[in-house]
Amino acid sequence: PAAQGAASLALRQLEAARKAAAGLARPGRGRGRGRDEALHDFRVALRRLRVVLRAYRGVLKGALPKGAAKRARRIARLTSRHRDTEVLAQWLERFERKLGAQERPGVDAFRARIERRLARGFDGDAALAEFRTLERECGASLGSAGSSGPTLGAAVAAAITEAASKLAAALTAV
């Protein structure tokens, strides 16, 4: 049944996010390749979970705790600032090579600001607390997803048809 298949997909992403969250929960807030990778992996798994929850929200309606999708979005927002700063630092590093002496003072000040923000590290306490709540609520409810209803294939076909219809409407509006 679709509910069990969709729940299985969601639980797989929840597990991937849990593993990445373990890397974020380790002591120390500083920068480090392992911590940066854990944050990236956490964000990817969370994004994939959100996609599954959105794509199968109709199928998962009874099995999903109320507010789960909003909680997942809130967690993503809590991780965004640090990741955006990391990406900005990488971009600035490439951009700096193209600058002349006149632009250096402004860029140096900007770089210092970015480095200070990165040095503070990612304070993931709020994101991890929210995630643990999401994991607890979803893990319990998705594990008992219904065994009746349409097949997962039928649910996927309906989701694709709905997405194609929305895309056609958006393209028509352009």
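The values are calculated or read from the model by the stated rules, or taken from the named source; none is laboratory data. Computed from a predicted structure; not experimentally measured. Cβ: placed from backbone, ideal geometry, glycine included. Neighbour counts: every protein chain shown. Note: accessible area is taken over every heavy atom of the protein model, side chains too, but ligands, DNA and RNA are not part of it. Shrake-Rupley method; radii C 1.70, N 1.55, O 1.52, S 1.80 Å.
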Residues of the range 57-84 that turn out to be open to solvent by less than 30 Å² (accessible area, probe 1.4 Å), within 17 Å of the chain's Cα centre (by Cα) and in contact (Cβ under 8 Å) with a residue 40 or more places away in the chain, as a count:
5
Number of the exception - LEU99 against (1) modelled with pLDDT under 85; (2) open to solvent by 50 Å² or more (accessible area, probe 1.4 Å)
(2)
Would it be correct to say that ALA140 is under 24 Å from the mean Cα position of the chain (by Cα) and open to solvent by less than 40 Å² (accessible area, probe 1.4 Å)?
no
Residues of the range 14-35 being within 15 Å of ALA127 (Cβ to Cβ), open to solvent by 40 Å² or more (accessible area, probe 1.4 Å) and either at pLDDT below 75 or in contact with a Leu (Cβ under 9 Å, 6 or more places away or on another chain) (or both), in sequence order, are ALA25, ARG26, ARG29
